[in-house]
1. Being surrounded by fewer than 16 Cβ atoms within 10 Å (Cβ to Cβ) and without any contact (Cβ under 8 Å) to a residue 24 or more places away in the chain narrows it down to one residue among Ala272, Ala252, Ala220; which is it?
2. Based on this model, can you work out whether Arg205 counts as of a type in the set (D, E, K, R), within 20 Å of Glu40 (Cα to Cα), out of contact with any Gly (no Cβ under 8 Å at 6 or more places or on another chain) and without any contact (Cβ under 8 Å) to a residue 12 or more places away in the chain?
3. What number of residues within the range 193-217 are surrounded by fewer than 14 Cβ atoms within 10 Å (Cβ to Cβ), farther than 23 Å from Leu158 by Cβ and more than 22 Å from the chain's Cα centre (by Cα)?
4. When you check Ala11 against the structure, is it surrounded by fewer than 21 Cβ atoms within 10 Å (Cβ to Cβ), of a type in the set (Gly, Ala, Ser) and assigned to a loop (DSSP other than H, G, I, E, B), yes or no?
5. Considering only helices (runs of 4 or more DSSP H) fully contained in the range 167-244, which possess at least 3 residues that are of a type outside the set (Asp, Glu) and over 20 Å from Leu135 (Cβ atoms)?
6. Which of the residues spanning the range 136-160 are under 22 Å from Met80 (Cα atoms), open to solvent by less than 60 Å² (accessible area, probe 1.4 Å) and not in a helix (DSSP H, G or I)?
7. Exactly one of (1) modelled with pLDDT under 85; (2) at positive phi is unmet by Ala297. Its number?
8. Kindly list the number of the only condition in (1) in contact (Cβ under 8 Å) with a residue 60 or more places away in the chain; (2) of a type outside the set (D, E, K, R); (3) open to solvent by 40 Å² or more (accessible area, probe 1.4 Å) that fails for Leu120.
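The values are calculated or read from the model by the stated rules, or taken from the named source; none is laboratory data. Keep in mind that what you see is a predicted model, and the values were worked out from it rather than measured. Every residue, glycine as well, gets a Cβ built from its backbone with ideal geometry; the counts of neighbours run over all protein chains shown. In case anyone asks, the SASA skips ligands and DNA or RNA and just uses the protein heavy atoms, side chains included. Shrake-Rupley method; radii C 1.70, N 1.55, O 1.52, S 1.80 Å.
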Amino acid sequence: RVRTGGAMRFAEFFQTATGCAPYPYQTRLAEASGWSELLEAPTGSGKTEAIVLAWLWRRRHGSEMMRASMPRRLAYVLPMRVLVEQTEERVRRWMKALGLDAQIGVHLLMGGETDNDWDLYPEREAVLIGTQDMLLSRVLNRGYSLSRSRWPMPYGLLNNDCLWVYDEVQLMGSGLATSAQMAAFRERFHTWGSVPSLWVSATLRPAWLATVDFRPRVIAGLAHHELTAAEWNETGTPLHARLSAGKTLRRATNTVADAKKLAAEILSAHLAGELTLVIVNTVKKAISLYQALAAQAVPTTKRKGKTESQAAPELLLLHSRYRSNERQLRMASLFASLPPAGRIVVSTQVVEAGVDMTSRTLFT
């Protein structure tokens, strides 16, 4: 639990929340004298932990200048529903570990499951996690799923005293330009309290933010936080082990154009007790391949003239067209413990970017 008296070092704060020691770049982000505007770090390096816990530590345990400059609200924008749900679960877990779950609200904003009461308590610290359509519409005074009479409330709170974080910006499309323009408008027209923006990606390009009104800021140079050369190259560290993990790449013999042959190749490559992830680019292809796998999933072997059945791997189909309850059940299955025969997941790109999972074998 967080100590009530005196300041806590970020490393201790991070360890309490996550059970792990922070990477050096995570500590530098939290303890820097100023706040960054761009964060570029490789996939799997803990960007979400770095941002949320740095914001919270600076508000609760930072220097007087840090506490004064960190907004009381954190708006965390993500491009896909699956990322929102996963991020919300992790943030709630950190808050509980820190003993702050009763003090800081964690609110979900996405289609069908929107918490619209957070703006009734403007004095409270809050983390708002949502898809870009829900959050950006509110900052534009056109809140989706809200009546017109409610639009000004989130509009006012999100444009004042709020830290904006845009994660996986390479997937945001036109929402990325909107985020840059709103940052420019807030600088031009001024706000109550600070309203910084942080754009996050493993493949970040500042030129993406060069909209008509934000271009001068991009040209002048945005504060860019990233891993140092030493962090990339220093052997023996947990981060280096993750970044330098070996990955064998080869061309598949078959394509999804022949679902039966590809299904046979996937089953041949699958290892018992492991996860095999198969990503295709349309729902139709995913369904076709899943059906082909289901038809072949119980292979047979001959032993001393006798045919015996082997345990079949669990099959899971994921795509964007499920209804809410069905999608939740399948996402829960995605992260459930693996059965002895392992699991094969056939999916569209709903799991391709930012989802916190790992697989022994990947077909894409």
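1. Being surrounded by fewer than 16 Cβ atoms within 10 Å (Cβ to Cβ) and without any contact (Cβ under 8 Å) to a residue 24 or more places away in the chain holds for just one of Ala272, Ala252, Ala220, which is Ala220.
2. yes
3. 2
4. no
5. Where helices (runs of 4 or more DSSP H) fall fully within the range 167-244 and carry at least 3 residues being of a type outside the set (Asp, Glu) and over 20 Å from Leu135 (Cβ atoms), they are 215-220, 229-233, 238-243.
6. Of everything in the range 136-160, those that are under 22 Å from Met80 (Cα atoms), open to solvent by less than 60 Å² (accessible area, probe 1.4 Å) and not in a helix (DSSP H, G or I) turn out to be Asn141, Gly143, Leu146.
7. Ala297 satisfies every listed condition except (2).
8. (1)
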